[in-house]
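I am attaching a structure below and will ask some questions about it afterwards.
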Amino acid sequence: MTKSTLTRRGVIKTGAYAGAGLALPTIFTSRARAFTNAPSGNTVTFGFNVPQTGPYADEGLDELRAQELAVEHLNGMGDGGMLNTFSSKALDGTGILGKQVEYVTGDTQTKSDAARASAKAMIEKDGVVMINGGSSSGVAVAVQGLCQEAGIIFMAGLTHSNDTTGKDRKKNGFRHFFNAYMSGAALAPVLEKAYGTDRRAYHLTADYTWGYTQQESIQASTEAIGWETVNNVLTPVGAGDFSSYIAPVLNSGADVLVLNHYGGDMINSITQAVQFGLRDKQVNGKQFEIVVPLYSELMAEGAGDNIKGVYGSMNWNWQLSDPGTKAFVKSFGEKYGRPPSNSAHTCYVQTLLYADAVARAGSFDPCAVAEALEGFEFDGMGNGPVLYRAEDHQCFKDVLVMKGKENPSTKYDILEIVEVTPVDHVTYPPDHPMFGGAEATLGQCNNGA
Amino acid sequence: MFGLSARDTRFLLIVIALTLLTPILLQPFPEGSSLAQFNAGYPDLMQKFAIFGIFAIGFNILFGLTGYLSFGHAAFLGVGSYTVVWMYKLLGYNVLPGLLLSVVISAAFALLIGFISLRRSGIYFSILTLAFAQMSYNLAYSVLTPITNGETGLQVYASDPQILAGSGAPTSPHLFGLVMRNSAQVDLGGWVFTFNVGYYFCAVMAILAFYISLRIFRSPFGMMLRAIKTNQTRMNYTGLNSRPYTLAAFVISGMYAGLAGGLLAAMDPLAGAERMQWTASGEVVLMTILGGAGTLMGPVLGAGFIKYFENIFSKINDGILHGWFAFLPDGLEDFIVACFHPFVGKGWHLTLGILFMLVVIFLPGGLVEGMQRIWRLVRRRKSGGPKRKDPEHRPTAAPHMAE
Amino acid sequence: MDAIILQILNGLDKGSAYALIALGLTLIFGTLGVVNFAHGALFMIGAFCAVTMQRLLSLSYEEIDPTRTDFLGNPLKVEVPYVEHWFGPDLGGAIVDWSVPLGILLAIPVMIGLGFAMERGLIKHFYKRPHADQILVTFGLAIVLQEIIKYFFGANPIQTGAPSAFSGSFDFGTLLGFDPNVIIYPYWRMVYFLFSLVIIGGVFAFLQFTTFGMVVRAGMADRETVGLLGIDIDRRFTLMFGLAAAVAGLAGVMYTPILAPNYHMGMDFLVLSFVVVVVGGMGSLPGAVLAGFLLGILQSFASMNEVKSLIPGIDQVIIYLVAIVILLTRPRGLMGRKGVMED
């Protein structure tokens, strides 16, 4: 259990303001403001909207931990974490523009409806200026649309679908996480080196939007290195038992199985694939291999021994050795006793970046903040130099290719970094056909006024 | 008045007054106080109260009156939402065409499903409706992605035709220029009241829905439905064919669900597939039974109860708990926070589950029965005299179904 | 042909799980007349018995390994399970490896106890209440049970592997004269299928050949008359509830290597198992088993690429489609009796 003295103090303080408000009744004042939820008084509220129930609850919990830590660092408590390594020095640990940071939390339930309801409550009731977090692309796109309509900033959390900054990109939304295209671009050279150019891939794909975009991206990038795609089979979400889909793979002439699954689906599909003995088999005179394009720490933990030697990609990992990563892992590890996950990193960094953009813009106005974030280049937050591209609000940075470790010493280093693919290899033009083509636009900035 | 008895008119007027005053009633704590966490008077939640109230009222017409337990009503909710968002995409952001069409389409859908499902009764009927709804959900989530936009949910893009939208038309749902999202905030001392256009639109719809359901309850048709619940076999022996009546009830409740789904999309222009999942169907069953099946007010109470928990309890985190108990000494504070911790925030499901069980165990008639008991207790107190014990435990008359 | 054999095999283990859950559900419904929405949760708790067994067996003390460091740069604390300490790494490792089958030992008392507690503490008071109330209260209980599990075990699936003796798969194809790798079937799934046959056979034999079972069957047919004969049917029904819970729990324990257990797996199976029970016919034990295997195999067939390319998405709706067709053509399911749950 974590105790945030900040919030306690904050609540007492707000109580005092309420008292003052009672003393001076302002009857029937209209609340016309320059932009949505312009902070008054000397606090500002962030909304952390993460899954707290449902299959991704543990991931949401880790995101929440990181966000609490970020708020502490912004308010000058703790050791400052990445604030010390961040290349922009606009933040000094005294809150943002002299305002102390507070936060409210909500439960997305990993459902787009529930996530929007929770986000709306934050906007309408708690007066947040920014919403951060989430653990699925469906939720990210839905909440991003809502924030655009309401006129606040959205920082996306874990969302890997191309659509979030592709055809569904929004002027008020930003994404620090990488995407399916980048996964494909980063993985292809490593796969080529490890398994050669003459391979036949069989895709099992989760039957929903994210699955489609990841499958499309991986197929394109593996075909570019000469692989052939034998088949792509869509599997129901939450199927549990994938045996009927896995069993025909060996007989199809394929020698690589690509699992475009996430979370529990991935844990079950890879476990069952290993159970079917796929990885012990020889096909076309080659060792049969499995690839999981998108990894997360929790998935790796859930899949256990089954992922040994399996390649995949990741946005960030605590085993990186740059100073930013080290500072973050240290303060997170000392507070919570475990290394942060890559979605925790994303949420932490996004909170700091938002705060920094406000400080540089000198205003909480979402349009000013968005302008400050657009085209922003920085370093010291892990992954080396990073760019927030102005055209689509996608973050560009190095992508990690991971492999299941043969002999992990704890449950936290089940994965090892095999390659850091430089940012140039994963960059694409903003009007790339997988990202909505030339039609996709950010639209106009909305500050709710 | 309105073709109602004096008593029902009074009842209706009370409901109207409560509905219209909701923005004030649900905001009992001043802004900034630590209890403000429990205020529910913000537009989104109030809209949800009204909309799920309509959904539950409609469901009650089927379940409360005929006893047919449908586990597939969420399908109509989803159909209504998809219809409205498609109308936004094709015609423009005016909610009226979409809402009308959502009722029509969900009625057609209900007619089809009802016609097939009502060939069976009891749990066989429940499973049939569940099967239809789950098929709709599974397909909407995956295969029908071109129509429903799958997991992400159907939404409006700038590239959509919107042929009826003029150049100056609002860019969010509206009724002839009356934008649903707009609200007026009134600062009254420490209290802040939000009067939202969308909420009042939903509220008017909910009152209409309630009125129609009241009329159905009091009509010969309603009597016929109740007769089906009591003893269908006997009804059939008297030469009456009950099927047209149950089908009519099914279609009416399907239309209510479609309207509720349409209103969801009218308040927030997005239609997610999860709306059709069996858990959503289960939710309306819970709302109705929890509030009191077969009563007029019960389903609305149940809907409010569940939505309140989902939205308010899930947002209480440890930081807020520490805020409440900050006045206690540190050790005690941590202890009390640790006691509350499993039940709030990410544990709100647990609290809801426990409350379900308690209500079902101790209040078989739902929340309405609980209120009646309290009311009786208060009245007895008022009339003075100690509560007269009944040593022989004679059976007491059951309260009338529709009270 | 090979593809068809393959999918029948795949259907068998899915069908085994469906059949076992449906069997327990039918036992409870047939004897007590209660619709138990918490049955999926019982299956889930069974699975977590295996997890608990695994945790118990790998209870560890910490040894500091100065040569390696943890993520904060401190010396690494290596966890050594007590079993390995006591029995040596070989035997100890083997015991940990067998934690899923050993989980049965834990599951039987836990599930029977839980079943008794549920029946005596809660369900008993609901015999006379409408089915809707039973559904609601057991549904509430299911939520409570799964949230308790979530509180202690988290939401992430937990890997509980089969003993390494059963890893890998058996090549059926070569037996039948097909090419190698055409029809492969994991050893553990065979174990699961055989295990479920044993359990199903055991339950039927128990009901058929013991006096206790005879009384229970008589009670299922006509509870009042049996009561009038002076037999304490209630106590026996309590035992039946414990038995049904144990069946669900054992199905869960042995299923963990196939499906990594998580706290909401019960809800995922709940709807499905109800469809199975209804398709089989409410209150009919052979019907439940038959329908379980039938739906498992049909689901596997619908997942074949050939079928999916003809009708996209058929694998997602097949169960429901079959349920609709069967309920419309055979009003009371495959083997149901008249008048059960029709009001």
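What follows draws every value from the coordinates through simple rules; no lab data is involved. These figures come from a predicted structure and were not determined experimentally. All Cβ positions, even for glycine, are placed from backbone atoms using ideal geometry, and neighbour counts span all protein chains on display.
Mind listing the phi-derived Karplus ³J(HN,Hα) values for segment C:161-176, rounded to whole Hz, using 6.51, -1.76 and 1.60 with θ = phi - 60°, and x for any glycine or proline?
Calculated HN-Hα couplings, in order: x, 6, x, 5, 4, 9, 6, x, 9, 9, 8, 5, x, 5, 4, 8 Hz.
Multiplying the sequence separation of A:L387 and A:T94 by 0.36 nm and subtracting their Cα-Cα distance, what value in nm do you get?
Length gained, A:L387 through A:T94: 102.9 nm.
Moving on to the next point. What is the set of long-range amide H partners of A:V418 at a cut-off below 5 Å, with H atoms built 1.01 Å from backbone N?
Close amide H contacts, sequence-distant or interchain: A:V401, A:M402, A:K403.
Could you tell me whether segment A:173-320 comes out rounded, prolate or oblate from its Cα gyration tensor? Rule is a ≥ b ≥ c as square roots of the eigenvalues, rounded for a/c under 1.5, then prolate if a/b exceeds b/c, otherwise oblate.
rounded
Would you be so kind as to identify all helices of chain B, as entire DSSP H runs, whose Cα atoms reach 18 Å or more along the helix's own axis and whose mean Kyte-Doolittle hydropathy is at least 0.5?
Membrane-span-like by this rule: B:6-25, B:43-66, B:74-90, B:95-117, B:122-141, B:197-218, B:243-267, B:278-291, B:298-312, B:348-362.
Given a Förster distance of 45 angstrom, what is the FRET efficiency for A:T427 paired with C:E62, based on the Cβ-Cβ distance and rounded to 0.05?
0.50
While we're here: Considering the alpha-carbon set of the protein assembly as shown alone, what are its Rg and its Dmax in angstrom?
30.0, 94
Also, I was wondering about something else. Excluding same-chain residues fewer than 8 positions from A:K405, which aspartates and glutamates have a Cα within less than 13 Å of its Cα?
A:E297, A:E301, A:D305, A:D413, A:E416
Going down the list A:K335/B:K315; B:K89/B:K346; A:K120/B:K89; A:K111/C:K77, which pairs span over 31 Å between their C-alpha atoms?
Over 31 Å apart, Cα to Cα: B:K89/B:K346; A:K111/C:K77.
From the square roots a ≥ b ≥ c of the eigenvalues of the alpha-carbon gyration tensor of chain A, which class results: rounded (a/c under 1.5), prolate (a/b over b/c), or oblate?
prolate
By how many nm would the segment from B:R380 to B:L96 lengthen if fully extended, with 0.36 nm per residue of separation less the alpha-carbon distance?
Net length gain for the segment: 97.3 nm.
How are the C-alpha pair distances of segment A:385-449 spread across 10 Å bins, as whole percents from the shortest bin up?
The percentages, shortest bin first, are 17, 30, 25, 18, 9, 1.
Something else: Going 7 Å from the Cα of A:A34 toward and past its Cβ, which residues in segment A:369-386 have a backbone nitrogen under 12 Å from where you end up?
Backbone N within reach: A:369.
From other protein chains only, count the Cβ atoms within 10 Å of every residue's Cβ in A:51-62, then give the mean.
5
A further question follows. Find the centroid of the Cα atoms in segment C:42-107 and in segment C:275-306, then give the distance between the two in whole Å.
Cα centroid to Cα centroid, the span is 38 Å.
Let me check I've understood the local charge: for A:S341, count other residues with C-beta under 10 angstrom from its C-beta, Lys and Arg +1, Asp and Glu -1. What total comes out? Please report the intermediate quantities before stating the final value.
Numbers: positive: A:R65, A:R338; negative: A:D58, A:E59, A:D62, A:E63, A:E297, A:E301.
Cβ neighbours under 10 Å give a net charge of -4.
Roughly how crowded by other chains is peptide B:35-42, in terms of the mean Cβ count from those chains within 10 Å of each of its Cβ atoms?
For peptide B:35-42, the averaged partner shielding equals 3.
Shifting gears a bit: If Lys and Arg each add +1 and Asp and Glu each add -1, what is the summed charge of the other residues whose beta carbon sits under 14 Å from the beta carbon of A:L415?
Once positives and negatives cancel, what remains is -3.
Suppose only helical runs count, i.e. DSSP H with n ≥ 4. What mean residue ellipticity at 222 nm does that imply for chain B under -39500 (n - 2.57) per run, divided by all residues and rounded to the nearest 500 deg cm²/dmol?
-21000 deg cm²/dmol
Shifting gears a bit: Sort A:175-186, C:224-235, B:263-274 for me by packing, meaning the mean count of neighbouring Cβ atoms within 10 Å per residue, highest on top.
So the order, starting with the most tightly packed, is B:263-274, A:175-186, C:224-235.
What is the calculated FRET efficiency for B:L20 to B:L332, with r their C-beta to C-beta distance and R₀ = 30 Å, to the nearest 0.05?
0.10
With a 10 Å Cβ neighbour count serving as the proxy for reagent exposure, in which order, fewest first, do B:W278, A:W316, B:W324 appear?
B:W324, B:W278, A:W316
For chain C, what is the percent of antiparallel DSSP beta bridges, rounded to the nearest 5?
Antiparallel bridges: around 100 percent, rounded to the nearest 5.
So which of A:K308/A:K411; A:K89/A:K397; A:K125/B:K307; A:K167/B:K48; A:K171/A:K326; A:K125/B:K48 end up more than 23 Å apart by C-alpha?
From the list (A:K308/A:K411; A:K89/A:K397; A:K125/B:K307; A:K167/B:K48; A:K171/A:K326; A:K125/B:K48), the Cα-Cα distance tops 23 Å for A:K167/B:K48; A:K171/A:K326.
Helix C:82-97: angle to the longest alpha-carbon principal axis of chain C, degrees 0 to 90, nearest 10?
With rounding to tens, the tilt is 50 degrees.
Looking only at Cβ-Cβ distances, which cysteines of the protein assembly as shown have no other cysteine closer than 4.7 Å?
So, A:C147, A:C347, A:C395, B:C202, B:C339, C:C49.
Averaged over peptide A:98-107, how many Cβ atoms belonging to another chain are found within 10 Å of each residue's Cβ?
Taking all residues of A:98-107 together, the mean is 3.
I've got another one for you. What number in nm² do you get for segment B:6-278 if you take the convex hull of its Cα atoms and divide its surface by four?
That works out to 17.1 nm², a quarter of the Cα hull's surface.
Could you tell me which of rounded, prolate or oblate describes chain C, using a ≥ b ≥ c as the square roots of the eigenvalues of the alpha-carbon gyration tensor, with rounded for a/c under 1.5 and, failing that, prolate when a/b is larger than b/c and oblate otherwise?
The shape class here is oblate.
Pop a pseudo-label 7 angstrom from the Cα along the beta-carbon direction at both A:S321 and C:D222 and give the gap in nm to one decimal.
My value for the distance between the label points is 8.4 nm.
Label points 7 Å out from Cα along the Cβ direction at A:E334 and A:N84: separation in nm?
Inter-label distance under the simple model: 0.7 nm.
Taking the Cβ of A:H432 as the center, what net charge do the other residues with Cβ under 14 Å away carry, scoring Lys and Arg +1 and Asp and Glu -1?
-3
Treating cross-link reach as a plain straight distance, find the aspartates and glutamates whose alpha-carbon is under 12 Å from the alpha-carbon of A:K330, omitting any fewer than eight places away in the same chain.
Partners within reach: A:D79, C:D70.
If I take R0 = 35 Å and measure r between the Cβ atoms of B:N241 and C:R330 in this structure, what FRET efficiency does the formula 1/(1 + (r/R0)^6) give, to the nearest 0.05?
0.90
Could you work out [θ]222 nm for chain A from helices alone, using -39500 (n - 2.57) per DSSP H run of at least four and dividing by all its residues? Round to the nearest 500 deg cm²/dmol.
It lands at -11500 deg cm²/dmol.
Just to confirm the number: angle between the C-alpha axis of helix C:131-153 and the first principal axis of chain C, 0 to 90 degrees, nearest 10?
Long axis of C:131-153 versus the principal axis of chain C: about 0 degrees.
Let me ask another. Could you tell me how many degrees, from 0 to 90 and to the nearest 10, lie between the Cα long axis of helix C:265-280 and the main elongation axis, the longest principal axis, of the Cα atoms of chain C?
It is inclined by approximately 30 degrees.
Hey, what number do you get for chain C at 222 nm if only DSSP H runs of n ≥ 4 count, each worth -39500 (n - 2.57), divided across all residues, to the nearest 500? Mind dumping the intermediate values first?
Details: 14 runs with 235 residues, N = 343.
Dividing the helical sum by the residues of chain C leaves -23000 deg cm²/dmol.
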